[in-house]
Each structure stands twice: as C-alpha cells, then as structure tokens.
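Before any comments, here is the structure.
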Amino acid sequence: MSLLQRLEKQKSLQPDHTQQVEIALARRDRRLQGKAPLQELTLTLHKKVIDKLKDIPEDVKDHPETLAKKIETLVNDLLDEGEENVARPQRQMIVAEIIDETIGFGPITTLLNDPSISEVMVNGPDQIYVERDGKLILTGVNFRDNAHVLHIIDKIVAPIGRRIDESMPMVDARLPDGSRVNAIIPPLALNGPTITIRKFSKDPYTVDDLINFGTLTPQMAQFVEACVKARLNIVVSGGTGSGKTTTLNVLSSFIPPDERIVTIEDAAELQLRQEHVITLESRPPNIEGKGAITIRDLVRNSLRMRPERIVVGEVRSGEALDMLQAMNTGHDGSLTTGHANTPRDMLSRLETMVLMAGMDLPIRAIREQISSAIDLIIQQSRLKDGSRKITHITEVQGMEGEVIILQDLFVFHQTGLDENGKVKGTFHSTGIRPKFTSQLETIGIKLPPGLFSPSLF
C-alpha cells in the first residue's frame, strides 16, 4: 500500500492529527527504503548460514556463545567471498541480526536482553512498544513482515509443545528464562501477529528489592514473612501488570526449605529457590480438540502428591473451588493470585469462580468456604506513575450474618503527585492486631510490640 493510499485511510482522523500521521508514515517509508537492500542481503546470508550450520556438532549448538562466534566467522567469510562492498558498521549490523535470528528471537532479542525493560509488546511487524520504569515507549525496532513475526512466535512456542495456527490462533507460552509470553494472530488480531512478553529478571526479586522499589515497607515485609512461615493461606490480588506474580514469588521464598512445594501454573513462571519443588503446567487441547489438562485437573492431582504447600499461579475459574477445599482440608499455607481491584472485589470474584465449577451451591455455603479457607489478602496496584504498591494487607476475619468480615491491617494512602509526576503517599498500620496473632506466637514467631500501633512507616 502506497503512502498516498494509507493517508486516504486517515481521513476519518481529526484535522489536527492528519499532518502528524503524514509525517510519521513518510519517515517510516524512508527508513524502510533505506534498509531494504541491507535486509535482502541479510536474508540471503542467513539462509546460507543455516545450511552451513547443519554440519556443526551438536555440542557446539548447545553453547550459545560458541555458536555465536561460529556464526560471526561464517558471515564475515561469506561477505568476503561476495561481490558486495559492505562497510564495517553495516557488516556488524548484519552479523548481529543473523545471530539474533539464529540463536535468539529476531529483532526483539536486544529488547529481551535489556534489564531496564520489563515488558515487550509487538503490535504487528512495524510497531513494537516496551515498558521501562512503568512507562510505555515506542521503539524503532521492527520486523520485516507478518511472516517474520509468525516465525518468531513458532520459535517461542514449539520447544514447549505449544502450537499456534488458524484453528488455535491464541497461545500462552514462556521463554527459557521463565518470561511469560502471549501471542495472538490473524484473523483475531487485525494489526497482524501480536506478541506480549512479560519479562522476569534473571535473578528473582527478593523482599529487599520490593522494599527498595517502595512496594512495601520493612515492617510489612516482616509481617507477611511471619504469615507465610505460620502457614496462613494467602491470596495476592491486583490488576493486570500490578506485580502479583513477583510478589507471589517473594512470598514463596519465605517457605522453609524442608517443605515439599507443588506449583501449578498455565505457563511456568515462578522461580522458587527451594530444592523440594514440583512444577506442574497445564496443557492446551491438541489439534483434535482433545487432551487438555486444566489448572483444576492439576489442583486435584496435586492433592495426591503429598504437598505441604500448594502454590497456584493464578485462579481464574472452577479451580477456585478445589483450591478452597484444599485449604480447608489440611493443606494450609497455600498461596495463589487473582485479578481484582480491591480485597472485597477479590472475595466477589472467588464466589463467581466457585460457581463456574458447575456446583449448585448456595451463596452462604460458598462464603463460609471462603471465610474459613483464606486468612489474608494482599492487594497490589499499579499506580499512575507506573510504580507498584501493596495498597492493602487485609485479614479475613470470618462471617457475620451473610457477610464476610474484612479488616485492613496495613494500607497505603496516596496524597498526590510531586513535580515529576511521581506518586506521593504513605504506608501506615491501622492499629488493629489480627486475630491470628496467637497462631503466630504458638509456633514461636514474636512480632515487635509496636508493629500494629497506628503509625506511619
């Protein structure tokens, strides 16, 4: 489609936007025209390198650094043999692109290797955004075309036994480092093949990291560590991108190393450092629509695996009922996450998810199950400036009539924004001691006397 044709499609825009669109499209066309000859040469060399790599021993292929050096040598040799006169900067760019295509994930490899980037979003071949410091930034990186993006998606999902095609145009997967990947392709994605990658640090965040980020205070960290060690059942709730999985990972790090832990996830993301960890991952249906293994199936199976702790990455539907029953039948100390904007909303979502299990239970019975199973809700939010805070640590105190009683123990109050747009606010204790304090003391955990006094942290 020419520039003029694309501009015609923009007539529905407001008049003051049209000039911006024209400039942006013209710049993009100039950039692509300048790179076209180089891209064609890179594609030719890449095919030749792939052919030559077929004869390389397997032990070399298993070592990325050695393989990268081998590819660099091959590309330079091919360039020397060819008739093209390629300058040194372009030569280095060609080598880097071919290495990324061969042993990495194409153009987004450099973004995935950048520790300051927390999320990579591919909106078709020509638009790639990243999240840095909580803000979305448009990059200058792009793919050649839709087929190039599809190739990278296949490269991501194939090693873990997943597939994506017209019959199954959505997939959840993970990278070798545990980063979470979601991909959706046409005809569902009208912009072209779309990839969303939630990156995880190579070294899992610790509670000290969360304190340094301002997610919680040392006093709150001391409290939640005591709760995990005391085998309380905890739900981490929050919106998309609020940091629930990171917080769940930190909570899991407090589990004593001598306990048997079973983790259950759609795509394995948790990075537990204990030795005795069994990791279970759900499975989508095959091409015939059969063979699916759901989170609910895995929760049921985990009960036969003598778990001392069950950690479910996220409850989304009927598995909530099995999780609650496990919590109520001796599998205390379980941890999970769920999507909700407030602790009260989390309880309402749990009620809905239990009903999704297909059990015709009265609402009061469901609420009694929830109130007796869950001890603590940790509410996490992503604020306007991109920072992530634990805004509530709330105790589930039980039932009063038809209502589940909640009591906030620690809260974050936002007071405004500073001159740089950063959120200003304070954490404080509500001054109420939780009912399970005696349970902590029974196992020898003594919290500081002033931890629950109403004060700012």
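The values are calculated or read from the model by the stated rules, or taken from the named source; none is laboratory data. Only a predicted model underlies this, so the values are computations on that prediction, with no experimental measurement involved. Counting neighbours? That spans all protein chains shown, and the Cβs are built from the backbone with ideal geometry, glycine included.
Restricting attention to the stretch 201-220, report how many residues are under 22 Å from the mean Cα position of the chain (by Cα), within 17 Å of T394 (Cβ to Cβ) and hydrophobic (A, V, I, L, M, F, W, C).
Number of matching residues: 1.
Please give the strands (runs of 3 or more DSSP E) falling wholly within the stretch 129-235 in which 3 or more residues are of a type outside the set (V, I, T) and under 26 Å from K290 (Cβ atoms).
170-174, 180-184
Among residues belonging to the stretch 412-424 that are out of contact with any Asp or Glu (no Cβ under 8 Å at 6 or more places or on another chain) and surrounded by fewer than 17 Cβ atoms within 10 Å (Cβ to Cβ), point out the one that is nearest to E351 (Cα to Cα).
H413
Give V299, V315, V277, V235 a once-over and let me know the one that is of a type outside the set (S, T, Y) and either under 30 Å from G450 (Cβ atoms) or outside the structural domain of M356 (by the TED database) (or both).
When all the criteria are applied, what remains is V235.
Somewhere in the stretch 372-382, is a residue over 24 Å from T246 (Cα atoms), of a type in the set (A, V, I, L, M) and surrounded by 23 or more Cβ atoms within 10 Å (Cβ to Cβ)?
no
Go over the candidates L406, L447 one by one and state the one that is buried (at least 16 other Cβ atoms within 10 Å of the Cβ) and either among the charged types (D, E, K, R) or more than 23 Å from N328 (Cα to Cα) (or both).
Going through L406, L447 in turn, the sole match is L447.
If a residue must be in contact with a Phe, Trp or Tyr (Cβ under 8 Å, 6 or more places away or on another chain) and among the acidic types (D, E), how many such residues does the stretch 329-387 contain?
The number of residues fulfilling the criteria is 1.
Considering only residues that are in contact with a strand residue (DSSP E or B) (Cβ under 9 Å, 6 or more places away or on another chain) and under 24 Å from L347 (Cβ atoms), which ones fall in the stretch 300-315?
Matches in the stretch 300-315: S302, L303, R309, I310, V311, V312, G313, E314, V315.
Sort out which residues of the stretch 190-201 are buried (at least 17 other Cβ atoms within 10 Å of the Cβ) and either within 15 Å of F105 (Cα to Cα) or small (G, A, S) (or both), and write them in order of number.
Those that are buried (at least 17 other Cβ atoms within 10 Å of the Cβ) and either within 15 Å of F105 (Cα to Cα) or small (G, A, S) (or both): G192, P193, T194, I195, I197, R198, K199.
Does the stretch 297-307 contain at least one residue that is in contact with a helix residue (DSSP H, G or I) (Cβ under 9 Å, 6 or more places away or on another chain), assigned to a loop (DSSP other than H, G, I, E, B) and of a type in the set (A, V, I, L, M)?
Yes: the stretch 297-307 contains one or more residues that are in contact with a helix residue (DSSP H, G or I) (Cβ under 9 Å, 6 or more places away or on another chain), assigned to a loop (DSSP other than H, G, I, E, B) and of a type in the set (A, V, I, L, M).
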